[in-house]
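Participant: The following block contains the structure, expressed as structure tokens.
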Amino acid sequence: MRHGGCRLVSLLLLCVQVLQSSAQTAASSYEFTAYRMQQYDLPQEKRGCRGAIVVAEVRSVADSVLTRRCVIMKLPDFTVERYLQAMRQNAAAVLILLPRNISSVPEDVVQGFMASESEALSRETLMPVYVVPEDEQLLCMYAEVKLAAVTTSASVLVRVLSSMITATAFQILVSNSSPIKAITDSSIITLEGALPGAREGLPTIIITAHYDTFGLAPWLSYGADSNGSGVAILLELVRLFQRLYSDPHSKPPYYLLFSLTGGGKYNFLGTKRWIEENVDHSESSVLHDNVAFVLCLDSLGSGDELYLHVSRPPRPGSPQYGFIQHLEEVISSRFPWVRFGTVHKKIDPHGSAVWEHEHYNMRRIPGFTLSHLERSERRGSILDTMSQVDARKLKRNVVIVAETLARYIYNLTDRGSPKNIQIFRGSLDVQDGRLSALMSILTSVPRATQLLDREPQQALLLSTLEQEFNLYLQQVYRHTFRQGHRNPEITFFDQMKQPMTMYRVKPAAFDLFLGGCITGYLGVVFYVIQNFGRIYVRLTAPVKSKHQ
């Protein structure tokens with residue numbers, strides 16, 4: 001009886017507290033911008049999320065029932081298992097909170113999120129998936145929703161009271177009435193420029209890097225390492241070798257061609273179309289002449305490893321083989337702590353290209369890709385920000401590539417030059433400030449492919465890259481490849497960012513409970529009024545008998 005009485009008293013006190021709090025403001029709203037997950041179509045498959053509209057109650061990922069709920073997650077919460085669980089339970093949406101300071105996120109969490117991000121982008125889903133930068137309001141919502149989920153492990157009575165009386169519900173609303181539309185007029189831009197050699201008919205060395213980015217949400221894909229680092233290194237090489245080529249006495253016997261390609265995250269579409277234009281539709285192209293090799297720069301902003309990705313081992317005596325020998329020599333003599341290796345992967349003629357050089361190899365043009373990544377799976381993430389780039393290692397990789405290329409084109413080994421010779425020093429030294437400025441420019445706006453030809457800031461970035469080419473190079477061309485309306489190689493979709501509103505409300509069960517309490521209260525008052533005489537007599541009877 002004592003325990004039952006205590007429980008009854010607790011219940012009554014809880015009712016009083018709820019009734020008092022109900023007099024305060026029970027609902028508020030907060031509007032913010034959310035960024036939708038990638039959506040694009042390839043010729044034979046669809047990827048990304050197909051939905052955009054969300055009208056659902058917010059639940060924590062720890063809740064057992066997610067059906068028709070918007071599941072809110074932080075970075076550590078977003079795993080492959082939990083994402084698939086939300087899909088299996090037909091969740092209304094997934095909302096991922098992105099920390100504003102990525103550098104504070106532990107490395108294991110970053111790597112785990114990148115793996116889950118890659119898995120999510122490899123499939124199609126009707127469930128809307130949104131990413132939004134954290135702020136105070138959203139973190140407060142996350143904390144309260146997570147706290148509510150903890151009560152599921154309590155007793156039945158506590159759970160009923162928490163869900164029906166005290167719980168605060170949050171609803172997420174994205175109510176754009178216009179349907180998602182395909183972007184049928186997208187284009188991809190490739191830039192090229194050259195440093196002609198001492199005479200005509202010289203062998204050609206092509207140095208290339210793709211400049212676009214990829215990640216879970218296009219508007220949050222800044223791609224600092226992949227491939228902002230490759231673009232920054234290429235632009236610094238342009239400046240350094242322009243100094244060498246501007247002096248007639250030091251002009252080497254090679255034609256250097258630099259290119260920045262688009263569509264790198266979608267089977268290197270810009271590279272593929274540029275090769276087709278030069279090989280199939282042009283009789284006077286550098287690709288028809290003697291190409292020594294193509295050096296592709298991809299993800300070179302961190303790590304103490306360097307991998308040269310090739311489609312087949314180069315033959316001894318070939319230009320590729322000679323370049324690799326010079327590369328090994330520079331690394332062992334100047335940077336012995338850097339681990340270097342060659343990764344051999346055969347080309348799949350029926351599949352997509354994993355590395356940029358594979359498109360050249362398909363046309364029997366020798367090429368390879370230099371990267372600090374041994375595998376290609378992690379070359380696209382919304383966590384690829386400046387925190388993933390080490391400025392010192394970026395500069396070191398510029399020195400490695402520049403010294404190796406100079407040794408090769410000047411044939412310094414056969415001339416008996418010392419192994420630790422430094423060509424780029426003094427006035428030819430790599431400029432830290434320029435590298436930092438280039439990385440800042442490249443990461444100032446997201447460089448997702450579907451944004452580059454449509455948004456003003458992205459178009460300005462491409463114009464800036466073109467100006468850099470015009471400043472140092474000759475024969476600068478801008479190639480614009482437009483996709484066909486009938487059979488596009490890739491189709492993008494709009495509504496990649498949406499206004500989202502969070503409403504703070506009491507659940508419907510609370511209204512029922514409150515209505516029951518009010519009805520009971522009015523019933524008691526009515527009964528007291530109707531039977532006031534008898535109640536008064538009963539209450540005063542003990543007092544009268546005591547006085548008598």
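Participant: Please give me, ordered by residue number, the GluC sites (Glu not before Pro) of the range 359-456 that lie in loop per DSSP and have at most 16 other Cβ atoms within 10 Å. Mind showing how you got there, number by number?
Facilitator: Details: sites: GLU374, GLU377, GLU403; in loops: GLU374, GLU377.
Passing sites in the range 359-456 are GLU374, GLU377.
Participant: If I stretch the segment between SER29 and GLN111 completely, what's the gain in nm (0.36 nm per residue apart, minus their alpha carbon distance), one decimal?
Facilitator: 26.1 nm
Participant: With θ set to phi - 60° and the Karplus curve 6.51 cos²θ - 1.76 cosθ + 1.60, what are the ³J(HN,Hα) couplings of the range 89-100 in order, to the nearest whole Hz, using x for Gly and Pro?
Facilitator: Rounded to whole hertz, the list is 8, 6, 4, 5, 5, 10, 10, 9, 8, 9, x, 6.
Participant: Quick check: the distance between the Cα centres of the range 416-484 and the range 99-137, to the nearest angstrom?
Facilitator: One Cα centre to the other: 28 Å.
Participant: While we're on this one: Which of LEU452, VAL65, VAL330 sits farthest toward the positive end of the charge dipole of the chain, with +1 on the Cβ of Lys and Arg and -1 on the Cβ of Asp and Glu?
Facilitator: Among LEU452, VAL65, VAL330, the one farthest towards the positive end of the dipole of the chain is VAL65.
Participant: Across the range 29-42, in residue order, what do the Karplus-derived ³J(HN,Hα) couplings come to in whole Hz, using 6.51 cos²θ - 1.76 cosθ + 1.60 with θ = phi - 60° and x for Gly and Pro?
Facilitator: Rounded to whole hertz, the list is 9, 8, 9, 8, 9, 10, 10, 7, 5, 3, 9, 7, 10, 9.
Participant: Work out the FRET efficiency for SER122 and LYS346 from their Cβ-Cβ distance, taking R0 = 25 Å, and round it to the nearest 0.05.
Facilitator: FRET efficiency, SER122 to LYS346: 0.70.
Participant: Search the structure for amide H atoms under 5 Å from the amide H of ALA56, placed 1.01 Å from N in the peptide plane, and list their residues when 5 or more places away or on another chain.
Facilitator: Counting only residues 5 or more places away or on other chains, the set is ILE172.
Participant: Just from its helices, what would the mean residue ellipticity at 222 nm be for the chain, if runs of 4 or more DSSP H residues each count -39500 (n - 2.57) and the sum is divided by every residue, rounded to the nearest 500 deg cm²/dmol?
Facilitator: -12000 deg cm²/dmol
Participant: Please give the Cα centre distance for the range 307-364 versus the range 44-92, rounded to the nearest Å.
Facilitator: Between the Cα centres of the range 307-364 and the range 44-92 lies a distance of 41 Å.
Participant: How big is the charge dipole of the chain about its Cα centre, in debye rounded to the nearest 20, if each Lys and Arg gets +1 on its Cβ and each Asp and Glu gets -1 on its Cβ?
Facilitator: It works out to roughly 2220 debye.
Participant: Rounded to the nearest 5, what is the percent of antiparallel bridges among the DSSP beta bridges in the chain?
Facilitator: If we restrict to bridges inside the chain, about 50 percent are antiparallel.
Participant: Want the number for SER387 to ARG50: 0.36 nm per residue separation, take away the alpha-carbon distance, what's left? Working shown, then result.
Facilitator: Numbers: separation 337, 0.36 × 337 = 121.32 nm, distance 3.12 nm.
Between SER387 and ARG50, full extension yields an extra 118.2 nm.
Participant: Now a separate question. When only C-alpha pairs under 8 Å and at least 6 residues apart count, what is the relative contact order of the chain, in percent?
Facilitator: Numbers: 983 pairs, mean separation 127.2, N = 548.
It rounds to 23 percent for the chain.
Participant: Among the helices of the chain (complete DSSP H runs), which have Cα atoms covering no less than 30 Å along the helix axis and a Kyte-Doolittle mean of at least 0.5?
Facilitator: 508-530
Participant: Can you give the extra length, in nm with one decimal, that the chain gains between SER318 and GLU136 once fully stretched, where that is 0.36 nm per residue apart less the Cα-Cα distance?
Facilitator: Values: separation 182, 0.36 × 182 = 65.52 nm, distance 5.97 nm.
So the chain would gain 59.6 nm between SER318 and GLU136.
Participant: Distance in nm between label sites at HIS288 and VAL525, each 7 Å beyond Cα in the beta-carbon direction?
Facilitator: 9.6 nm
Participant: Further, regarding this structure: Excluding LEU191 itself, what net charge comes from residues whose Cβ is under 10 Å from its Cβ, given Lys and Arg +1 and Asp and Glu -1?
Facilitator: Spelling it out: positives minus negatives among the neighbours equals -2.
Participant: Straight-line reach from LYS251: which aspartates and glutamates fall under 16 Å, measuring Cα to Cα and dropping same-chain residues less than 8 apart?
Facilitator: Qualifying aspartates and glutamates at Cα under 16 Å: GLU200, GLU403.
Participant: Hey, if you put +1 on the Cβ of every Lys and Arg and -1 on every Asp and Glu Cβ in the chain, which of PRO203, GLY215, HIS357 ends up farthest toward the positive end of that dipole?
Facilitator: GLY215
Participant: Quick one: which of LYS346/LYS395; LYS74/LYS146; LYS345/LYS393; LYS181/LYS497 span more than 21 angstrom between C-alpha atoms? Please report the intermediate quantities before stating the final value.
Facilitator: Values: LYS346/LYS395 31 Å; LYS74/LYS146 11 Å; LYS345/LYS393 26 Å; LYS181/LYS497 13 Å.
LYS346/LYS395; LYS345/LYS393, as the Cα separations exceed 21 Å there.
Read-outs: derived from the displayed coordinates by stated rules, not from any lab. Computed from a predicted structure; not experimentally measured. Glycine gets a Cβ as well: all are built from the backbone with ideal geometry, and neighbour counts include every protein chain shown.
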